[in-house]
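Please treat every number below as a calculation from the coordinates, not as lab data. Not measured: the values here are computed from a predicted model. Note that each Cβ is placed from the backbone with ideal geometry, even for glycine, and that neighbours are counted across all protein chains shown.
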Amino acid sequence: MPNKTSLAKRSEKGLLTPDNCLVTIIDLQPQMLFGVGNFDRQSIINNNEILCKAARVFDVPVVLSTVETKGFSGNMWPQIQAIFPGRAPIERSSMNSWDDKNFVAADCCGDVSQLAHQNAMMRVVQAGAKPVTALSVMLEWQRDWALKETYDAVMDIVRNHCGAYGAGVEYAYTMVHKAPATTLPEYVVPSRAEH
């Protein structure tokens, strides 16, 4: 895993860089996902995995936060816990977890309806934040494909989480550049649990 001292500094030019970012992961918990109706829930999980894995690749600081884990919301999603093993989220009881956000990954957020999401995003924009996507953030952090220290990790995230774009990358790797096909771990059917 690269660290900030080994990564070349990226030119800002008003864009996101690993040096000018902090990622705050807020309330990625089962109860919060149950009520989402504006986006496909699996897409929200997937987009958060893209953002979190990219943060690890580029060594961007990450703050994990949950609300009412024991009393209402449940534990942080296991997909996110696996990306940050051993990191305990900051537990809150208050619903308001943001006061000063500059960018919001809109495709990592969900709400009870499309209208509720649009209204929330308008409020965030009115407060000065700029909407982005998980993929656009990762690609801004990469910025230059000549930066080889993070290239393979970024391409791995793209192939595994970015749908048709990832399929295109896999095609280019295997058919154009004659690289071996990506292999994934074999799926193992879980044993029936005794209840």
Problem - Amide hydrogen neighbours beyond the local backbone of Val67, cut-off 5 Å, H modeled - result: Asp27, Arg92
Exercise for the section: Give, in nm to one decimal, the length gained when the segment between Gln114 and Lys130 is fully stretched (0.36 nm per residue of separation minus the Cα-Cα distance). Expected result: 3.9 nm
Practice task
Would you mind computing, in nm to one decimal, how far apart the modelled labels at Val63 and Thr182 are, each placed 7 Å from Cα along Cα→Cβ?
Solution key: 3.2 nm
Handout entry: chymotrypsin sites (Phe, Trp or Tyr not before Pro) restricted to DSSP loop in the stretch 95-195 with at most 12 other C-beta within 10 Å
Key = Trp98, Trp145, Tyr187
Fill in the blank from the handout: Over the chain, the quotient of the Cα radius of gyration and 2.2 N^0.38 Å is 1.11
Exercise for the section: Mind checking which of Cys21, Thr66, Val104 is farthest towards the positive end of the chain's charge dipole, using Cβ charges of +1 (Lys, Arg) and -1 (Asp, Glu) about the Cα centre? Expected result: Cys21
Problem - Amide H contacts of Val132 (H built 1.01 Å from N, under 5 Å, at least 5 apart or other chain) - result: Val104, Ala105, Ala106
Practice task
Taking H placed 1.01 Å from N in the peptide plane, check which residues at least 5 places from Thr24 or on another chain put their amide H under 5 Å from its amide H.
Solution key: Val63
Problem - Taking all pairs of distinct alpha-carbon atoms in the stretch 23-137, Kirkwood radius in angstrom - result: 14.5 Å
Problem - Rg over Rh, two decimals, the stretch 137-195 (C-alpha only, Kirkwood Rh) - result: 1.16
Completion exercise
Quick calc, the chain, dipole around Cα centre from Cβ unit charges on Lys, Arg (+) and Asp, Glu (-), nearest 20 debye, gives 240 debye
